[in-house]
Structure formats: C-alpha cells, structure tokens
Amino acid sequence: MHDHKGEAHADIRAAVEKLCAGFPGEYWRKLDRNMEYPTAFVQALTQSGFLSALIPEEYGGAGLGLSAAAAILEEVQRAGCNGGACHAQMYVMGTVLRHGSEEQKRKYLPGVASGELRLQAFGVTEPTSGTDTTSLKTFARKQGDKYVVNGQKVWTSRAEHSDLMILLARTTPREEVKKKTDGLSVFIVDMQKAKGNGLTIRPIRTMMNHATTEVFFDNMEVPAENLIGEEGQGFRYILSGMNAERILIAHECIGDAKWFIEKATNYAKERHVFGRPIGQNQGVQFPIAKAYANMRAAELMAREAVKLYEAGQNAGAEANMAKMLAADASFEAANACIQTHGGFGFAEEYDVERKFRETRLYQVAPISTNLILSFVAEHVLGMPRSY
Ligand SMILES: Cc1cc2nc3c(=O)[nH]c(=O)nc-3n(C[C@H](O)[C@H](O)[C@H](O)COP(=O)(O)OP(=O)(O)OC[C@H]3O[C@@H](n4cnc5c(N)ncnc54)[C@H](O)[C@@H]3O)c2cc1C
C-alpha cells in the first residue's frame, strides 16, 4: 500500500487502492488477451460509489468535487488497472446535469448513480470530420414529437456496455447557420431501445483493450423529449464538459506515470547485471529520474487546473495544458520503464507492455496534442487562428 498522507483525499485514495488490489495484473492480462470488458472491476467500482462521485447527493450520487474524482481515477491507474473502461460513467452525465431539464435529471441521474443505467457512450467523432467536429454529418430531423437520426459515429467507446448515449448531431444544415458551431444538438439516446431499431454497433479492434466501436444510425427515432437543452446549442453544451474531462484524463495519465516510475525503480534496484544492480548505472537512473520530474511538473499543472475549476474560474488553458503534459509524462515514463526492463519489458507477464499500449492513447484521445498546442497558441498567446 502507498502512503497517502499529505495527498488530497487520502482516505479515498487508500480505499481505491484497496479495491484495485483485488484486480491484479493477471486479471487485466487475461482480458487483454481476449479483448474482454472488465465487468467485475467496473461493478466493484460502481458498487463502491466511486463512479457516482460527481453526481449531486439529491440525485443519489456522492456529491463530491472534481478533485475527488481526479484522485479516484489517478489511483485506479497508479494501481495498474484501467479506468478507460468506465471513466466516462463518471463525467458524461455532466451534460445532463448542467444542461438537462429537472425532469431529465430526475429520470436519468439516480439510475446512473446506482449503476443501474450505464451512461458511458459519447458519440461525437465521425469518420469524415475527425477533429473538425462542426463538420459532422449525422443529422437529426424533427418529425412531430420525435427526431429521426441518420449518420455514423466512430470510436464510440463502451457502446456495447452502455444503456444510454450522449449524441451530438446536426439539426440545421451547416450552410443554413451563421456560425458553424450553431445548429448542432445533443440528445440522450436509449440504446437498449434503439438497438435493432435503427442503431447498429460494430466493435473496432485496437492495439489496446478499449471496447471501442463504430455506430450506425439508420432512421433511428429519438423522442423529442430526449433533446438536451435548446435545439441548435449542443456544441456549446459539449464544450462546457471538456475541461472536466481533460482534467480527469490528466490525472489518469499521472496515475499511469506513477505506476511506470515505481515499476521501473523497483526493477532497477532488483535486477543485477555485471554483478551490480542496473539502477546503479546513471544511464539507467536518469531516464527514470527525468520521467519523475516531468510527472511532478504535470501533476502541479493538473492540481492548478482542478483548483481553478473548483473555484468556478476558467480552467480552459490549465486543463488543456495539464492533459498534454500528463499524457507526455506518462508516455515518457512508459518508455523509460520498458527500457529499464530490457527484454522483459516486452513480456506480457510484467504488465509493462500492456500499460505502455494503454497510455499511448492519451496523445490522441480525447483530444490530440496538436489541437491542445493550437488552443494554447491561439487562446493563450493570441496568435492567429490556423483552422
Ligand atoms: C481508442 C479511442 C477511443 C475513443 N473514444 C471516443 C469516444 O468515446 N467518443 C468520441 O466521440 N470519440 C472518441 N475517440 C475519438 C478521438 O477523440 C479522436 O480520435 C481524436 O479526437 C482525433 O480525431 P481523429 O482520430 O479523427 O483524427 P484527425 O482529426 O483525423 O487527425 C489526425 C491527426 O492530424 C492532426 N491534426 C488534424 N487537424 C490538425 C490541425 N488543424 N493542426 C494540427 N494537427 C492537426 C491531429 O492532431 C491528429 O494527430 C476515441 C479515439 C480512440 C482512438
């Protein structure tokens, strides 16, 4: 067990670590080999209430702040587990919480809090538009008291393990709106009802076990009452949840970096070559020490982002920079860890290669490093917009 004294939310961290101890490397290796979903792990996290951290108590959640959620996800990764299977259950509901009607909140949030309803599918990315979200093609046409949806999403993670999906679709063609960010709307889709009735889900095999899919909408009907907020304002609603997501992913990356650094350090102390521990060689020490320094720097930025967010201030720049620095730090630590292990870094049983593959994702998703740099260049440094 780690000593969490002096860390924010020490009790929560210790409890998460204890829970994760029940899901050691062999558990994840077996799932990874077979590309299976970590159902038992997700159930345990749900039952312990960790995934409902951000849902207010009046809707059955724990009513905690973002710093607590960040601590939970960081510890999951630090323990060698993979929160990617369910982290969205924690924050995708934020769209309903912030922009949904009271009726929608009462209808969905208690079920999400208890885990009875899994709201962990988030349909934004499309194959032809990619990062250029406002060019998305999926269209929801209003017909009386329902919308009829046609189109396709890609990389809709956990769709096969979700009851509900937050869907971003166009409701007014791009040519007919003044600003390209207008005319997009957000819906809450009952996936269980829609499956076989216009919704088709196809898994995508990826380099890591991530339960991601592509989804197709063929005249899928969504009741008009499932529109969240105002029609045409959906892009704004999606954007408003981005800072929390970036901050949480940053903490996951920090947890990963801590796992790699600890694993590398221990191995460097134990492994003897040329009659001495490999960690006695500065060529082995320095990459690990550097990864530690970069992880700590990313951690400070992430803590700053949380502080601003919880104080209700604009955390946009810090949330983005924290996500980028933490993703870089985790991948640098992953690289140092695999190098420290020599050939064994590539052996499945050490878990290093699995975590290496898992943490690489965060250079690309949920937002790629280039797009963060572009945000900083334009919005922080005031340089001309490039796209
Ligand atoms: C495993 C996985 C899970 C995912 N889960 C979800 C999910 O649940 N829901 C969802 O909606 N999406 C999800 N995504 C999608 C993810 O958010 C996108 O992959 C990511 O935003 C990048 O978009 P893209 O893949 O279309 O890349 P593209 O937009 O095609 O970009 C390709 C490359 O070009 C670079 N690039 C593009 N435009 C510019 C520019 N103007 N300047 C500089 N560089 C540029 C990008 O940085 C990137 O490196 C997931 C992706 C993966 C791989």
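The values are calculated or read from the model by the stated rules, or taken from the named source; none is laboratory data. This one's a predicted model, so the numbers in the text were calculated from it and none came from an experiment. Reconstructed Cβ throughout: ideal geometry from the backbone, glycine too, with neighbour counts over all protein chains shown.
Remarks
- Pair list, Cβ < 9 Å and 6+ apart or interchain, from the stretch 28-50 residues that are under 16 Å from I72 (Cβ atoms) to residues that are modelled with pLDDT under 95 and of a type in the set (F, W, Y): none
- Scan the stretch 330-372 for residues that are under 18 Å from E245 (Cβ atoms) and part of a helix (DSSP H, G or I) and the total you get is 10.
- Any hit, the stretch 299-312, residues being in contact with a helix residue (DSSP H, G or I) (Cβ under 6 Å, 6 or more places away or on another chain), closer than 22 Å to D351 by Cα and either in a helix (DSSP H, G or I) or without any contact (Cβ under 8 Å) to a residue 24 or more places away in the chain (or both): no
- Residue within the stretch 322-332 that is modelled with pLDDT of 95 or more, more than 18 Å from the chain's Cα centre (by Cα) and within 30 Å of L54 (Cβ to Cβ) present: yes
- Taking the criterion of being under 28 Å from I204 (Cβ atoms) and either away from the ligand (no atom under 13 Å from the Cβ) or in a loop (DSSP other than H, G, I, E, B) (or both), the residues of the stretch 165-179 that qualify are R170, T171, R174.
- Of the residues making up the stretch 330-340, those that are away from the ligand (no atom under 16 Å from the Cβ) and small (G, A, S) are A333, A334, A336.
- Selection status of T206, outside the structural domain of M295 (by TED's automatic domain parsing) and either surrounded by 18 or more Cβ atoms within 10 Å (Cβ to Cβ) or at pLDDT below 95 (or both): no
- Residue in the stretch 294-311 that is within 16 Å of the ligand (Cβ to nearest atom) and β-branched (V, I, T) present: no
- Residue in the stretch 341-359 that is of a type in the set (V, I, T), within 13 Å of the ligand (Cβ to nearest atom) and either more than 22 Å from T125 (Cα to Cα) or surrounded by fewer than 19 Cβ atoms within 10 Å (Cβ to Cβ) (or both) present: no
- Some residue of the stretch 102-115 being touching a residue at least 24 places away in the same chain (Cβ under 8 Å), within 14 Å of the ligand (Cβ to nearest atom) and touching a Phe, Trp or Tyr at 6+ places or on another chain (Cβ under 9 Å): no
- Residue satisfying all of: in the stretch 12-28; within 23 Å of the chain's Cα centre (by Cα) and charged (D, E, K, R); surrounded by the fewest Cβ atoms within 10 Å (Cβ to Cβ) among these: K18
- Residue in the stretch 148-159 that is under 23 Å from the mean Cα position of the chain (by Cα), of a type in the set (F, W, Y) and either within 16 Å of the ligand (Cβ to nearest atom) or surrounded by fewer than 16 Cβ atoms within 10 Å (Cβ to Cβ) (or both) present: yes
- Tabulated pairs, the stretch 138-160, first assigned by TED's automatic domain parsing to the domain that holds G183 and more than 18 Å from Q192 (Cβ to Cβ), second part of a loop (DSSP other than H, G, I, E, B) and aliphatic (A, V, I, L, M), C-beta under 9 angstrom, 6+ apart or interchain: G151/L136; V154/I204; W155/V124; W155/I204; W155/A365
- Residues of the stretch 364-387 satisfying the condition of being near the ligand (Cβ under 8 Å from one of its atoms) and either buried (at least 16 other Cβ atoms within 10 Å of the Cβ) or among the polar types (S, T, N, Q) (or both): P366, I367, S368, T369, N370, S374, S386
- Scanning the stretch 116-134 for residues that are within 18 Å of A159 (Cα to Cα) and within 16 Å of the ligand (Cβ to nearest atom) yields a total of 10.
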